[in-house]
Each structure stands twice: as structure tokens, then as C-alpha cells.
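See below for the structure under consideration.
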Amino acid sequence: MSVVISGSGLFTPPHSVSNDELVGAFNQYVEEYNQENSDAIASGELEALKPSSSEFIEKASGIKSRYVMYKDGALDTKTMMPLIPERSNDELSIQAEMAVSAAKQAMKAANKTPEDIDLIIVACSYTQRSYPAIAIEVQNELGCGGWAFDMLVACSAATFGIMNAANAVRGGTAKTVLVINPELTFPQINLRDRDSHFIFGDVATAVVIENEETATGDHCFKLLTTKPITTFSNNIRSNFGHVNRCSPETMDAPDKLFVQQGRKVFKEVLPMVCQLIEEQISAANVEVSDLKRLFLHQANINMNTFIAKKVLGRDPVDNEAPIILDEFANTASAGSIIAFHRHHEDMVSGDKALICSFGAGYSAGCLVIEHL
Ligand code: CO8
């Protein structure tokens, strides 16, 4: 049996934040901090904070802007976080709202109705609560039957979710699966941290996974290989969790937000990902020259260029390795799916491509796909 991706959807949040806006707020915060602590800085007790710059951000990462669900408060030096009004239990949660919008588009592209869907996997980096699962809330809102669950694998959640969906279809526990990635990452950035304040944006993506025999979408892609790998590392970490409140003196410490050793991640993840891709291309019996497109994880443009060059043996041309992180920033697990969503409609029967994610864990997932 062949399992296919038969439709995709993208929800783009309502607000955009440019590098200049983010850097303006950060640098004002730095000025205020250094002023307020001038005596301690002068005596060597505290270190002065250094300013950020849009030029650095664009050169080091390729990011120019990001979309966010909530912008108020994020650029205010007194708060330095998006202020998000609490919703009542009767209202749709933020991630469910994002997920439903992306899911409806994916179902439309796949010619599916809610009655066709019998499994929903919400796969992302964070869920805004532990239970009831966001996926079950989405199931209820869409009016789908079957079953639903949440799963977290940071930046590899989307590819790992697709692999789980494919296994459910192959194993007969589901016929048609929605894999949705509502990435609400902006609230987890430390906007007071120069090294990471620019990295993430919010977005939601969705795909429909089903048996080739039931697929009727205009662009269906057979999964030729699905391979996940993980290897433990502390270099990308957030200690946020339900036990934080039991240690009141550290519950708001910076390690409860996103923290990484970016340089180390860059060096350690690249060889792992290049090897995984090479192995998967070979396992799929595909020649590199047959790959029309590389839909790569969108964390850093220099990483993507490095991987594309290594895989292709030359610089990527035209749209071979599409970049969307300039507009969206790093959207955790959704990045490679945004690239796929935006850049697959010119592909035709027999065209091959790969979708590859990598990130915290470390985790990496690689799907070699072929247009039906
Ligand atoms: N402005 C100006 N200068 C700066 C800034 C800034 N904002 N930040 C750092 N600098 C300075 C540094 O101080 C340093 O100065 P010096 O040379 O004097 O020491 C210099 O610039 C170079 O700093 P770096 O070595 O840190 O810069 P890099 O070239 O390595 O670029 C990056 C930093 C962009 C972070 C880069 O290392 C990178 O992208 N690495 C890969 C990271 C990656 O892929 N991570 C994956 C994380 S995503 C993931 O797994 C999902 C997690 C779950 C989601 C979480 C949601 C919140």
C-alpha cells in the first residue's frame, strides 16, 4: 500500500514584526538597563548589555521578519513579551484556532470533508496546555469522528507526525489523517536575550495523509521513505513545564524560555542531517539528479545553503531549495511544510522531492516523496 500527502494548508497570523521593530525595542531595553545599572556596571559587578542589530540578524540567519498572533507588549521595554488575554474554557484556544484554519485548507486541497477524517495529530513544539489535547479540541471544532492526540518533538514534530500518520494508515488504525502544526513559538522567546530574540515566529500548517487509493487531490505525493532519528543534546533546551511552579524561586528564570548554543547546534546538526538525507535518497532508490525540490527545515539560511550544496554537489538554483524563513523566521516544525505548501504546485507526475526537518532533541526527519 502507498501512503500519500494529498493536501496542505497554511495559516498566517495577523501581525508581522520586522527586524528593525524588534531591534528597536531590544536596544531601548538595553539602554534603559545599562542606565539603571550604571553604578553596578561601572564597579564591574554587572556586565553592560550589548545592542542587537538588524544587519547581524539578516546576515547570521537570513531572517527579515516574522508573523505573530499577538504583538502588543512585545515591543514595550516594560513587558518584553506578547500580552495574551486569557480565553475562557468555552472559547476556542489559540492553537486550536490556528490549527482549524490550516486544517480546513488542507482538507479542501485533498477534497476531504470532516466526515472523512478519522485521526487528527497535532504535532508541534509546545502545546499551550497539557489536557484536554488540542487535537481533541480541533476534532470537536471540525466535527470529525475517530480519535486525536498531541505530540511534541520540537522542530521535527511535523515530519514525525507525518510518519506516525503513515504508520496509522498502514496499520489500519486510521484511513485519513490530519497532521497539524500550530506553532505558537513567539511567547517562548526571551525578547531580552540578544542571541535569540529574533529567531521565532508563529504559524500553523496542516497536511492530509491517506492511502493512495482514496486520494483525489490535484497534487498527491507518495511517501517513498520515512525515517526519523534522535540523539540527546542539551544544546537546544527549554525547562518550561508543569513542575516549574513547585520551585517558586526559579519558576521565571530564563531557562524556562528557549535557550540554545547556536554555534554548536549548527556544527553538530549539519553532519547528522546530511547523512540522514543521503541514506534516505539511497533507500528510496532515487538519484540526487531526480530530486526536483528540497523542502528543508527553516532555521537558518546558511544551514539550508550548506545542506543543499552537500546533497546536490553544487549550488541550488531557482526554486530547488525554497527559502521562506526570510518572511516567517524559524517556525519550528512548520518551516519545511510552509516551503512545501508554497512551492509544490508546479510539480508534475513523477517529480521527486524531499521534506527534511531538524532541531531540538536533537531530532531529524526525512521524507522522500514522489508526485503521483
Ligand atoms: N546582534 C548583534 N550581534 C550579535 C547578536 C545580535 N542580535 N547576537 C549575537 N551577536 C554577536 C555575538 O555576541 C558574537 O560576537 P563575538 O564574535 O564578538 O563573540 C557574534 O555576533 C557571533 O555570534 P554567534 O556565533 O552566536 O552567531 P552565529 O553566526 O552562530 O549565528 C545563530 C547565531 C543565527 C543563532 C546561528 O548560530 C544559528 O542559526 N544556529 C543554528 C540554530 C538552529 O538551527 N537551531 C535550531 C533551533 S530550532 C528548534 O530546534 C526548535 C526548538 C523548539 C521551538 C522553540 C520555540 C520558542
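At a Förster radius of 25 Å, what calculated FRET efficiency corresponds to the Cβ-Cβ distance of Arg314 and Met272, to the nearest 0.05?
In this case the efficiency is close to 0.70.
Return the FRET efficiency for the residue pair Asn89, Asn167: r is the Cβ-Cβ distance, R0 is 41 Å, and the value is rounded to the nearest 0.05. Each step should come with its number before you reach the end.
Values: r = 33 Å, r/R0 = 0.80.
In this case the efficiency is close to 0.80.
Taking the Cα centre of the range 21-67 as origin, sum charge times position over the Cβ atoms of Lys and Arg (+1) and Asp and Glu (-1), and report the length of that vector in debye to the nearest 20. Each step should come with its number before you reach the end.
On the way: 4 positive and 9 negative charges, 82 e Å.
About 400 debye.
Which distance in nm do the two modelled labels at Thr77 and Asn302 give, with both placed 7 Å along the Cα-to-Cβ direction?
3.0
To test your reading of the geometry: what angle, between 0 and 90 degrees and rounded to tens, separates the Cα axis of helix 262-283 from the longest principal axis of the chain?
0
Using a 10 Å cut-off on Cβ atoms, rank the peptides 144-155, 88-99 from the highest mean neighbour count down.
Packing proxy ranking, top to bottom: 144-155, 88-99.
Using r as the Cβ-Cβ distance of Glu115 and Glu141, and R0 as 25 Å, what FRET efficiency do you calculate, to the nearest 0.05?
0.95
Only four residue types carry charge here, +1 at the Cβ of Lys and Arg and -1 at the Cβ of Asp and Glu. Report the dipole size of the chain about the Cα centre in Debye, rounded to the nearest 20.
800
Cut-off is 10 Å between beta-carbons; in what order do Ser65, Ser282 appear when sorted fewest neighbours first?
On the way: Ser65 18, Ser282 13.
Listed from fewest to most nearby Cβ atoms, that is Ser282, Ser65.
As an exercise, find the ratio Rg/Rh for the range 294-351 from alpha-carbon atoms, using the Kirkwood inverse-distance average for Rh.
Rg divided by Rh gives 0.96.
Have a look at Leu312, Ile324, Ala360 and report the one farthest towards the positive end of the charge dipole of the range 301-367, computed about the Cα centre with Cβ charges (Lys/Arg +1, Asp/Glu -1).
Towards the positive end, the residue furthest out is Ala360.
When 1/r is averaged over all different Cα pairs and the result inverted, which Kirkwood radius in Å belongs to the range 254-372? Mind showing how you got there, number by number?
Numbers: mean 1/r = 0.0682 Å⁻¹.
Value: 14.7 Å, from the Cα pair sum.
Going toward the positive end of the dipole of the chain, with +1 on Lys and Arg Cβ and -1 on Asp and Glu Cβ, which of Ile277, Pro248, Ser101 do you reach last?
Ile277
Going by C-beta contacts inside 10 Å, put Leu270, Leu325 in order with the fewest on the left.
Arranged by neighbour count, lowest to highest, Leu270, Leu325 become Leu270, Leu325.
Taking the square root of 5 times each eigenvalue of the Cα gyration tensor, what semi-axes in Å does the equivalent ellipsoid of the chain have, largest first?
Taking √(5λ) for each Cα gyration eigenvalue gives 36, 25, 17 Å.
Which pairs, out of Lys309/Lys352; Lys59/Lys267; Lys64/Lys108; Lys227/Lys352; Lys104/Lys292, put more than 22 Å between their alpha-carbon atoms?
On the way: Lys309/Lys352 18 Å; Lys59/Lys267 17 Å; Lys64/Lys108 31 Å; Lys227/Lys352 16 Å; Lys104/Lys292 28 Å.
Pairs exceeding 22 Å: Lys64/Lys108; Lys104/Lys292.
Since every read-out is calculated from the coordinates, none of them should be taken as a lab result. The structure presented is a predicted model; accordingly, all values stated were derived computationally and were not measured. Cβ sites come from the backbone with ideal geometry, for glycine too, and all protein chains shown count toward neighbours.
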